[in-house]
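The values are calculated or read from the model by the stated rules, or taken from the named source; none is laboratory data. Values in this document were obtained by computation on a predicted structure and should not be read as measured data. Here the Cβ is made from the backbone with ideal geometry for all residues, glycine too, and neighbour counts use every protein chain on show.
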């Protein structure tokens, strides 16, 4: 329960302090060990070097030789003068029988050396270092043999009392600990400064609160009907909501747009940013076939210009509710018209039956159903893909309602593919048919006609949609596949069909072409690799 109540600052403080303490403790221990070992090695080296030098002193050699001959000798004054110039605790010269010729305490001169660690030097001539307890206490003792005529005649012992060494090391340790303490305090102050900076950066929020607020802001941003785009100082997208994504890149996930340069998303908005000073401004812009009121708000973070917030308001002549009402009214009028038309046909059938003209009534019914039967027969024989077949039947009914002669080529053939491929085919073919029907209705001088041919007999799927319309306007012929480009005037909801078709064709590495035929019809042709559809 205590851990759950800890804040981010508490967590970081505890972790950093524990880490720093461990680092300082380990560093201190290593420093003590390394310093002690280094100093002891230095003492050993200095002691053996000094002992070797004294072992070659002619005055000392002469005195040791005489002592071995039974003549009393003392090097007390000579050696103590030398010792005073070094940091050694004592320097002892012995003859071959380990009798002292010098000692810091004069009364011990002439007595035997204390300790057996001298005999390897006297007997074998070894230069060595030992730790032993003598008359002055525990010490680090360095030995060097005195050699004359290739024979060991005595030894030099230079000692460093451990108490003296400990006192000296303590001074080193004290200085090192002061530095470590200074570093420890500096690290704590730096940590507190960093935590204070983090606290100000996070606005006193905990990570859980930041995540919760991020989710709330994302939900709020996605629910706004206006398009919202945030860019940084380098004009790269840092945030975009669903509305702006739908208007600018409807076929892409808005998460993939984050980090994209604004000029790749919309050249118009990129130029608008360049022309805008660092203050709020509002402009009217056209993106595709849509008109927008674009409001620009400079983003300021800690008195630094960090980017812009772009708000796009869709400008329409009537509200979406009015448009929906208009579409509903048009649909209701169409239903009333169809009801009136079917009532007239029922009256004809009733009159023929009442007059006893049964065969005429049957012929009339057969004539009315021929078109439906022809299309249904073609669908059953040729189109195995039930998803596309249902869409074609729906388009046929819609075309019939608008008095468009809709035909499906009898040689058509289409098999089933994966669900995602079927969905793309429905979108692709449906948009081509919708455009063809709209184009056919525009040409008043001739009866509107639309014909469709679909075939996947070879390694490629071929789709052709032909209409009797006037063709593509030359003004937009080079960019009819761009988003928002349409020949329909005052129709902001158009301009997406051929754009979506071109995107689907590109997704399957296909080709999309259109041409004006010799029969004054417009033909759109699509070729897709069947292997891409089957993946």
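Observations
- Just one of (1) in a helix (DSSP H, G or I); (2) under 28 Å from residue 174 (Cβ atoms) fails for residue 86. It is (1).
- Scanning the stretch 70-82 for residues that are part of a helix (DSSP H, G or I) and more than 22 Å from residue 147 (Cβ to Cβ) gives 76, 77, 80, 81.
- Some residue of the stretch 311-323 being farther than 30 Å from residue 502 by Cα, part of a strand (DSSP E or B) and at pLDDT 80 or above: no
- Scan of the stretch 100-123 for residues that are surrounded by 19 or more Cβ atoms within 10 Å (Cβ to Cβ) and either outside any helix (DSSP H, G or I) or touching a residue at least 40 places away in the same chain (Cβ under 8 Å) (or both), ordered by number: 100, 101, 102, 103, 109, 113
- Qualifying residue in the stretch 107-125 (condition: assigned by TED's automatic domain parsing to the domain that holds residue 59, in contact with a helix residue (DSSP H, G or I) (Cβ under 7 Å, 6 or more places away or on another chain) and within 20 Å of residue 44 (Cα to Cα)): no
- Taken across the stretch 150-163, residues that are modelled with pLDDT under 85 and part of a helix (DSSP H, G or I) do occur, with at least one present.
- Only residues that are at pLDDT below 65 and exposed (fewer than 13 other Cβ atoms within 10 Å of the Cβ) were counted in the stretch 280-310, giving 6.
- Checked against (1) closer than 26 Å to residue 446 by Cβ; (2) modelled with pLDDT under 70; (3) assigned by TED's automatic domain parsing to the domain that holds residue 458, residue 408 passes all but condition (2).
- Odd one out for residue 458, checked against (1) modelled with pLDDT of 85 or more; (2) surrounded by 14 or more Cβ atoms within 10 Å (Cβ to Cβ): (2)
- With respect to the stated conditions, residue 97 fails to be in a helix (DSSP H, G or I), out of contact with any helix residue (DSSP H, G or I) (no Cβ under 7 Å at 6 or more places or on another chain) and either closer than 17 Å to residue 146 by Cβ or without any contact (Cβ under 8 Å) to a residue 24 or more places away in the chain (or both).
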